[in-house]
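One structure below.
Read the figures in this text as sums done on the coordinates, not as results from a lab. In this text, all values refer to a predicted model and were calculated from it rather than measured experimentally. As a convention, Cβ positions derive from the backbone with ideal geometry for all residues, glycine included, and neighbour counts pool all protein chains shown.
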């Protein structure tokens with residue numbers, strides 16, 4: 001991983017519902033889920049009569065069609081009974097129900113299903129995941145916590161719609177799947193800044209309207225926009241070792257699955273983490289359409305969730321653009337670096353196929369090749385002073401040099 005300051009970038013936040021844990025990825029401060037326990041005498045009675053009163057519980061009639069939810073990655077992980085609860089929750093929170101009933105008395109099961117629902121549905125931006133819940137043997141009454149309601153929700157939805165339309169106006173549905181994915185990746189990197197203190201940073205309002213967010217906001221916005229462009233996009237969760245929880249995406253392109261981490265593509269995030277003096281208009285493409293073998297050097301997926309395997313390197317940015325090296329030749333590296341200068345590219349990157357090769361090449365590139373290329377920059381453009389900076393990413397076996405031409 002890139003050299004970093006010693007601080008946590010994705011603090012872990014727990015929302016506690018007595019015995020329920022609900023993870024909010026990338027949040028800075030804890031929100032609270034309240035659990036209203038009934039008096040012990042009532043608990044005894046309700047356990048005894050729950051099967052008798054089952055038929056009188058006012059469960060809502062489900063009007064959500066199976067086709068509307070069946071493509072959800074997390075929905076597909078659930079049993080038939082859990083899928084019913086998923087629909088009950090979705091239908092209720094869509095309508096901003098003050099309270100509703102679900103077919104489970106297991107609060108841990110409810111927490112998991114609600115969590116999965118929010119992972120599948122980035123458009124549900126008004127839910128925090130927080131609830132008050134009264135649990136019985138076979139069912140529960142749920143009171144959701146909403147960020148906004150009524151007129152404020154409508155205003156926010158209109159702002160999101162306008163922001164999404166402005167984004168999508170820049171890409172055609174006739175574009176290739178890869179071009180659509182890359183477009184959204186670049187759009188979010190260029191328009192959203194990473195900030196742990198950003199409000200609403202767990203939802204798409206933060207990234208699309210406020211344009212400041214954390215990993216959850218980046219990843220949900222990518223999912224939201226790509227789904228509108230007809231691209232299968234999964235909201236993936238896991239951790240960055242030694243740092244904490246993190247969210248990114250898995251996209252399907254030309255029949256293959258690839259990882260995409262917009263947060264790690266953002267130079268504001270890079271500066272926040274390692275203090276590198278890099279141009280703010282630069283993009284780290286190493287996290288666009290990468291394979292398990294690349295992403296899992298720095299990311300650890302959530303245990304127990306069977307994410308699709310991402311095995312192909314075909315769309316790896318470095319492979320596509322001739323920046324991927326399976327051997328090292330100092331002379332060839334200098335030629336390629338000089339060529340980037342002749343073509344006035346803002347940067348030059350080289351990625352090595354394995355870490356030992358990176359280590360073999362590292363000192364020569366830093367101490368010899370880059371200074372020689374800087375001389376080429378000075379001579380070719382008649383510069384008295386040459387400015388450049390480089391970023392080392394030993395975790396991903398990448399070195400990137402940024403050139404200034406004036």
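By the count of neighbouring beta-carbon atoms within 10 Å, fewest first, 326, 152 end up ordered 326, 152. The gain in end-to-end length when the residue 375 to residue 80 segment is fully stretched comes to 99.6 nm, 0.36 nm per residue minus the alpha carbon separation. For residue 159 and residue 345, the FRET efficiency from 1/(1 + (r/R0)^6), where r spans their Cβ atoms and R0 equals 45 Å, is about 0.75. Listing 108, 87 from fewest to most neighbouring C-beta atoms within 10 Å gives 108, 87.
As a calculated quantity, the FRET efficiency between residue 366 and residue 296 at R0 = 30 Å, using C-beta atoms, amounts to about 0.70.
Here each label is just a point 7 Å from Cα along the line to Cβ, and for residue 314 and residue 332 those points are 2.4 nm apart. Per residue, the average separation of C-alpha pairs within less than 8 Å and at least 6 apart gives the stretch 322-406 a relative contact order of 36 percent. Quantify how much of the Cα-Cα distance distribution of the stretch 322-406 extends past 23 Å, in percent. In whole percent, the share of Cα-Cα pairs in the stretch 322-406 beyond 23 Å is 17.
Can you pull the one-decimal nm distance between simple spin-label points at residue 166 and residue 384, each 7 Å off the Cα toward Cβ? Once both label points are built, they end up 4.2 nm from each other. Note on residue 176 and residue 108: with the Förster distance fixed at 60 Å, the Cβ-Cβ geometry gives a FRET efficiency of about 0.90.
By the beta-carbon count within 10 Å of each Cβ, the least crowded to most crowded order of 183, 331, fewest first, is 331, 183. Reported value for the stretch 115-193: 143 Å³ per residue, from the convex hull of its C-alpha atoms. Volume per residue for the stretch 149-320 equals 126 cubic angstrom (convex hull of Cα atoms).
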